[in-house]
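Heads up, the thing below is written out as C-alpha cells.
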Amino acid sequence: MRQGELFALRWDDVDLDAGVLRVRGTKTDRSRRTVTLSETALEALRSHLKRQLGEKIDRAGSLWRENGLVFAT
C-alpha cells in the first residue's frame, strides 16, 4: 500500500475476522482494491487496535474525538 492509502485507512475498511482490508481512500477507481492480510499483519493490526482503544480510554477520556482512522497520528 502507498503511504497516503495507509493514512486514509479507516477501521471500517479493515475486516480482522476475514483477514482483509479494502483500499477505498484513493484518487482513482482503479486504485480501489481488497488486500489479503498475512498473519503477521493481522497480529500487528489487532495489537494496534487494542493499544489505540486503551489510549482512547486511559489517556484521552472525554477529550477523544473519534475519526475512525487506523493511524490517528
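The values are calculated or read from the model by the stated rules, or taken from the named source; none is laboratory data. Nothing here was measured: the structure is a model prediction, and the numbers come from that model. Heads up, the Cβs are rebuilt from the backbone with ideal geometry, glycines too, and the neighbour counts pull from every protein chain shown.
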Original post:
Got a number for residues in the stretch 1-37 being out of contact with any helix residue (DSSP H, G or I) (no Cβ under 9 Å at 6 or more places or on another chain) and either assigned to a loop (DSSP other than H, G, I, E, B) or hydroxyl-bearing (Ser, Thr, Tyr) (or both)?
Top reply: 9
Subject >> Yes/no for LEU45 being over 11 Å from the mean Cα position of the chain (by Cα) and part of a helix (DSSP H, G or I) >> reply: no
Subject >> Any pair with Cβ under 9 angstrom, 6 or more apart, that starts in the stretch 53-73 at a residue that is of a type outside the set (Ser, Thr, Tyr) and ends at one that is assigned to a loop (DSSP other than H, G, I, E, B) and surrounded by fewer than 10 Cβ atoms within 10 Å (Cβ to Cβ) >> reply: LYS56/GLU66
Original post:
Among all residue pairs at least 6 apart or on different chains, which show Cβ distances below 6 Å where the first residue, located in the stretch 28-39, is exposed (fewer than 13 other Cβ atoms within 10 Å of the Cβ) and the second is assigned to a helix (DSSP H, G or I)?
Top reply: none
Subject >> Identity of the residue in the stretch 40-52, among the aliphatic types (A, V, I, L, M) and touching a residue at least 24 places away in the same chain (Cβ under 8 Å), that ends up farthest from MET1 (Cα to Cα) >> reply: LEU49
Subject >> Matching option when the condition is of a type outside the set (A, V, I, L, M), surrounded by 14 or more Cβ atoms within 10 Å (Cβ to Cβ) and modelled with pLDDT of 95 or more, among GLY25, GLY19 >> reply: GLY19
